[in-house]
Amino acid sequence: MKSVIPVELPQQSYDIAIASDGLQQLGDWMQPLNLGKKVLLVSNPMVFRRYGEQAIASLTAAGFQVTHCLLPIGERYKTPASVQKIYDAALVQRLERSSTIVALGGGVIGDMAGFAAATWLRGISFVQVPTSLLAMVDAAIGGKTGVNHPQGKNLIGAFHQPRLVLIDPQVLKTLPPREFRAGMAEVIKYGIIWDAELFNQLEAAKRLDQQRYLAPELLQAILSRSCQAKAHVVSKDEKEAGLRAILNYGHTIGHAVESLTGYRLVNHGEAVAIGMVAAGQTAVEMGLWDQTSADRQRVLIQKAGLPIAIPASVAIQNIVDSLQTDKKVLSGRVRFILPTQIGQVTISDQVEAAVISQVLQVMQEPA
């Protein structure tokens, strides 16, 4: 399995490389990019224990001087304090403007390492080596970097494109099933917003809740079609001036649920799944989408082992109130991504709070 998907941008284009056993060739993939010799590898202890040695050996063999920085595991640690640890390591290792930060991990590590790279010495190179399905198909692509604020997810951040995204599907074999399911939420998202054929392929699969049940051809389709969709959208709208907002499908409600549960009860993919169900039903209530398609989406989300209900512990009014701190608010109005058919969505700021509340109340688990 090997393919290269270009992300065409006005200033700094780069490739998404999907290559089995690619981690062992990380240094070879980076060598042609004319990067400096110093590399700071950022990871978490669990991922580093499994793959750190391979990555460092490959980089060292290619002539890079490598040090590493390990950060705690979990979304709740995606904070300025964690990024400070990367800065401290960069200072100790005397990273220069020609140096590179390599993110080896899931979306949390990629976001923090990318933000550190965007802000250290006003911006140095970084490379994404995603180890979770969610990061492979979404978080590692597109240059969004950042950390969370206590009042909202990713409120502090910067656009900073990687020089390379290297995806090694082999690492998914050690991904915990819950994390694999979280990634499937983003894959289903692409089927709804962009790629009806991908949605159909997912519907035809017998199981989607664990990687071991997927045929190799389906996994290849999931990775390549998802990456192609995001690469196309990012190429058209790098800084989210318009089209790129569709990538936030399910994220508006999802981010609120994540934040209100302290990033502990539900993970990002689970929250996005809940958000997609909410957005789909909102579209039905507004006459934009048909109930049959909304039901197909719900059934597919359940097939992937993802939740479709809002936890009983989360107050619906708190979700509605928290939407006002979402990054997509414009002139005081929340912008929602709403499906109009499978493979197509629209952006709307005309969703009334009463409609949102009604949809969410129906979705909430009984206390």
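The values are calculated or read from the model by the stated rules, or taken from the named source; none is laboratory data. If you're wondering where the values come from, they're calculated on a predicted model, not measured in any experiment. Every residue, glycine among them, receives a Cβ derived from its backbone with ideal geometry; neighbour counts consider all protein chains shown.
When we screen GLU8, GLU75, GLU53 for residues that are in the same structural domain as VAL127 (by TED's automatic domain parsing) and under 26 Å from LEU155 (Cβ atoms), the only hit is GLU75. Checking the conditions here, which among ASP326, ASP321 is free of Cβ contacts under 8 Å to residues at least 40 places away in the same chain, within 18 Å of ALA271 (Cβ to Cβ) and either among the small types (Gly, Ala, Ser) or assigned by TED's automatic domain parsing to the domain that holds GLY254 (or both)? Exactly one of ASP326, ASP321 is free of Cβ contacts under 8 Å to residues at least 40 places away in the same chain, within 18 Å of ALA271 (Cβ to Cβ) and either among the small types (Gly, Ala, Ser) or assigned by TED's automatic domain parsing to the domain that holds GLY254 (or both), namely ASP321.
Can you tell me which residue is surrounded by the most Cβ atoms within 10 Å (Cβ to Cβ) among those in the range 13-27 that are in a helix (DSSP H, G or I) and aliphatic (A, V, I, L, M)? Taking the candidates together, the pick is LEU26. Contact annotation: residue pairs with Cβ atoms under 9 Å, 6 or more positions apart or on different chains, pairing a residue in the range 262-276 that is farther than 10 Å from LYS189 by Cβ with a partner that is part of a loop (DSSP other than H, G, I, E, B) and among the polar types (S, T, N, Q), are LEU265/SER313; ALA271/THR261.
Of the set (1) farther than 21 Å from TRP29 by Cβ; (2) aromatic (Phe, Trp, Tyr); (3) crowded, with 20+ Cβ neighbours inside 10 Å, all apply to PHE159 but (3).
Would you please name the residue that is farthest from ASP88 (Cα to Cα), looking only at residues in the range 1-44 that are without any contact (Cβ under 8 Å) to a residue 40 or more places away in the chain and small (Gly, Ala, Ser)? Per the stated criteria, the residue is SER13. Any idea how many residues of the range 300-317 are surrounded by fewer than 21 Cβ atoms within 10 Å (Cβ to Cβ), at negative phi and in contact (Cβ under 8 Å) with a residue 60 or more places away in the chain? Selection size over the range 300-317: 1. Taken over the range 324-343, the criterion of being at pLDDT below 90 and in contact with a strand residue (DSSP E or B) (Cβ under 9 Å, 6 or more places away or on another chain) is satisfied by THR325, ASP326, LYS327, LYS328.
Residues checked against (1) out of contact with any Leu (no Cβ under 7 Å at 6 or more places or on another chain); (2) in a helix (DSSP H, G or I); (3) touching a residue at least 12 places away in the same chain (Cβ under 8 Å):
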| site | (1), (2), (3) |
| --- | --- |
| ILE109 | no, yes, yes |
| MET112 | no, yes, yes |
| LEU121 | yes, yes, yes |
| MET136 | no, yes, yes |
| GLY142 | yes, no, yes |
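Evaluated against (1) of a type in the set (Gly, Ala, Ser); (2) modelled with pLDDT under 95; (3) crowded, with 23+ Cβ neighbours inside 10 Å, GLY152 falls short on exactly one condition, (3).
Could you list, ordered by first residue, the pairs with Cβ atoms under 8 Å in which the first is in the range 45-62 and closer than 15 Å to LEU175 by Cα and the second is part of a helix (DSSP H, G or I), at least 6 apart or interchain? Listed by first residue and then by second, the contacts come to VAL47/ILE109; ARG50/VAL171; ARG50/THR174; TYR51/LEU23; TYR51/VAL171. For LEU95, the requirement of being in the same structural domain as ASP15 (by TED's automatic domain parsing), outside any helix (DSSP H, G or I) and under 22 Å from the mean Cα position of the chain (by Cα) is not met. Among all positions in the range 287-298, there is no residue which is in the same structural domain as ALA204 (by TED's automatic domain parsing), modelled with pLDDT under 95, out of contact with any helix residue (DSSP H, G or I) (no Cβ under 8 Å at 6 or more places or on another chain) and farther than 25 Å from PHE180 by Cβ. Across the range 189-217, the qualifying residues are those that are polar (S, T, N, Q) and closer than 19 Å to ILE18 by Cβ, and the one among them that is nearest to the chain's Cα centre (by Cα) is GLN211. Within the range 275-286, none of the residues are of a type in the set (S, T, N, Q) and within 23 Å of LYS78 (Cα to Cα).
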